[in-house]
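The values are calculated or read from the model by the stated rules, or taken from the named source; none is laboratory data. The structure displayed is predicted, hence computed values, not measured ones. Glycine gets a Cβ as well: all are built from the backbone with ideal geometry, and neighbour counts include every protein chain shown. The accessibility values were calculated without ligands, DNA or RNA, using every heavy atom of the protein model including side chains. Shrake-Rupley method; radii C 1.70, N 1.55, O 1.52, S 1.80 Å.
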Amino acid sequence: MSIAPKFLFVPVSSEEGIGEYMRSKIVADEVCKRWPNARVEFVLNSHAPYAQSCPYRAHLVDDTPTKHITAVNQLITQFKPDVVIFDASGRKAQLKHANLHGAKVVFISQHRRKRARGMRIERALVTDSHWVVQPEFVIGDINWLDKLKLNLIKREQPIFTGSIFANPTQAEQAALQQLYQVNPKQYLLYSAGSGGHKLKGGLAADLFAQAALAVFKQTGVPSLMVFGPNYPKALPEFEGVTAIKQLNTDDFINLLDGAKAAVLSGGDTLLQAIALNVPTLAVAVSKDQPSRIKQCTAKHLALGCDPEVGAMSEQIMRLLQEDTAKQLTLQMQQVAEAKGLDICMAEISRLLGYPLCK
């Protein structure tokens, strides 16, 4: 029997960030691997730099989809999806409409405030599965009152998926390292996120690149610097630093897994590095990141510092010390597992009552 479920992805979509879209695309890619006949469509902000390059059919609106209740609801009515995945997005009216039209509703939250919103009674009643894409060691468990409330309305508690990404492979990793002329565990990987984040001193990506140059001059360790799709300028040329405009998620994960260490923003890539046991320096580039970084550094899962070239260079030198890397790796091995995507696929399979194909 041919299984052809229909999926609609509704991620938060903006001109600056890219994390929710990339996470949704990772899930969409895996859905199509598991169920090749699946139909996948997205709703995206037309002003987001990735809107025109989305490999799936994309319905464009002129702001984040959360603000377009009518347009999203009309699309749900017309498309009749089996599953609607709201990634950190969605008004209550949109979730209700999807539920009313027979779709299984998935809500993804990435911090306490968003998780709490997803557990409000009216939203929880129309949500079939709530995924928390932070490890429990970062965000903490829900309190007893929320557990009681969900139990009374007969809804499941949120599921901790942790970071969501496809696992690296040796063949892809080797091909990428050959392409960028680096050797396994002998290079640093830098990424400041989407490339559009601004700090008081300018673009975060430029700051990271300057730190990469400073460290290369001190150590001779080569670096790959991913500037991101939202980076607005021509890529700079620095000695010992290979500038990369952007990478797809699989390529990024493979290069991250093969790196000696990484210097990353405090978004999803930090949690991916922890799950892969890659020693990392985390530097906040947006207002939601300092808290996450603080939780990770307090548990000795990463190093952290202010967004300043001198401070970053000093901490990177510390990161490269064998004792520091060993201590971080030992802590990461005790708390992190790279199983988020498998958890998501198992949950989708459960919701649809379909076999979990591999």
- Query: For region 279-358, what is the relative contact order in percent, using Cα pairs closer than 8 Å and at least 6 residues apart in sequence?
  - Reply: 26
- Where a ≥ b ≥ c are the square roots of the eigenvalues of the C-alpha gyration tensor, would you call region 40-179 rounded, which needs a/c under 1.5, or, failing that, prolate if a/b is larger than b/c, or oblate? oblate
- Task: Give the residue from MET345, ALA262, PHE238 lying farthest towards the positive end of the charge dipole for region 232-358; charges sit on Cβ (+1 for Lys and Arg, -1 for Asp and Glu) and the dipole is referred to the Cα centre.
- Result: MET345
- Most fluctuating of LEU341, LEU203, LEU148 in the GNM of the chain (C-alpha, under 10 Å) is LEU148
- Item | Among the listed pairs LYS33/LYS233; LYS92/LYS294; LYS92/LYS287, those beyond 30 Å (Cα-Cα) | LYS33/LYS233; LYS92/LYS294
- Task: Apply the Karplus parameterisation 6.51 cos²θ - 1.76 cosθ + 1.60, with θ equal to phi minus 60°, to every residue of region 53-59 and state each ³J(HN,Hα) to the nearest whole Hz, in sequence, with x for glycine and proline.
- Result: 9, 4, x, 10, 4, 10, 9
- Task: Quick one: compute the contact order of the chain, relative version, from alpha carbon pairs under 8 angstrom and 6+ residues apart, as a percent.
- Result: 15
- Query: Which far-off residues, 5 or more places away or on another chain, put their amide H under 5 Å from the one on GLY240, with H placed in the peptide plane?
  - Reply: none
- Query: Given the options ALA51, ALA298, ALA205, which has the most mean-square fluctuation in a GNM of the chain, springs set between C-alpha atoms less than 10 angstrom apart?
  - Reply: ALA298
- Sites matching trypsin sites (Lys or Arg not before Pro) across region 167-266 that sit in DSSP coil, with at most 13 neighbouring C-beta atoms within 10 Å: LYS185, LYS200, LYS233, LYS245
- Note on the structure: With the dipole of the chain defined by +1 on each Lys or Arg Cβ and -1 on each Asp or Glu Cβ, the option from GLN110, GLN331, GLN321 whose Cα lies farthest towards the positive pole is GLN110
- Item | Dipole magnitude of the chain, debye to nearest 20 (Cβ charges: Lys/Arg +1, Asp/Glu -1, about Cα centre) | 1260
- Restricting region 60-98 to trypsin sites (Lys or Arg not before Pro) in coil, as DSSP defines it, with at most 11 other Cβ within 10 Å: none
- Query: Using r as the Cβ-Cβ distance of LYS33 and LEU179, and R0 as 22 Å, what FRET efficiency do you calculate, to the nearest 0.05?
  - Reply: 0.40
- Task: Assign one of three labels to region 197-291, namely rounded, prolate or oblate, based on the Cα gyration tensor with a ≥ b ≥ c the square roots of its eigenvalues; rounded applies when a/c is under 1.5, prolate when it is not and a/b is larger than b/c, and oblate otherwise.
- Result: rounded
- Message: Please enumerate, by chain and number, the aspartates and glutamates with C-alpha under 16 Å from the C-alpha of LYS96, excluding those fewer than 8 residues away in the same chain.
- Response: ASP82, ASP87, GLU122, ASP128
- Net charge of neighbours whose Cβ lies under 11 Å from the Cβ of VAL283, counting Lys and Arg as +1 and Asp and Glu as -1: -2
- trypsin sites (Lys or Arg not before Pro) restricted to region 263-299 and DSSP loop, no more than 11 other C-beta within 10 Å: LYS287
- Using the Cα centre as the reference, give the magnitude of the dipole from point charges on the C-beta atoms of region 107-264 (Lys, Arg: +1; Asp, Glu: -1; all else neutral), rounded to the nearest 20 debye. 800
- Item | Ranking by accessible area, most exposed first, for MET345, MET317 with a 1.4 Å probe | MET317, MET345
- Task: Convert each backbone phi in region 219-234 into a coupling constant with the Karplus relation 6.51 cos²θ - 1.76 cosθ + 1.60 (shift: θ = phi - 60°), then list the ³J(HN,Hα) values in order as whole Hz, x for Gly and Pro.
- Result: 10, x, 7, x, 10, 10, 10, 8, 7, x, x, 8, 5, x, 10, 5
- Across THR269, THR219, THR324, the residue with the highest GNM fluctuation in the chain (Cα network, 10 Å cutoff) is THR219
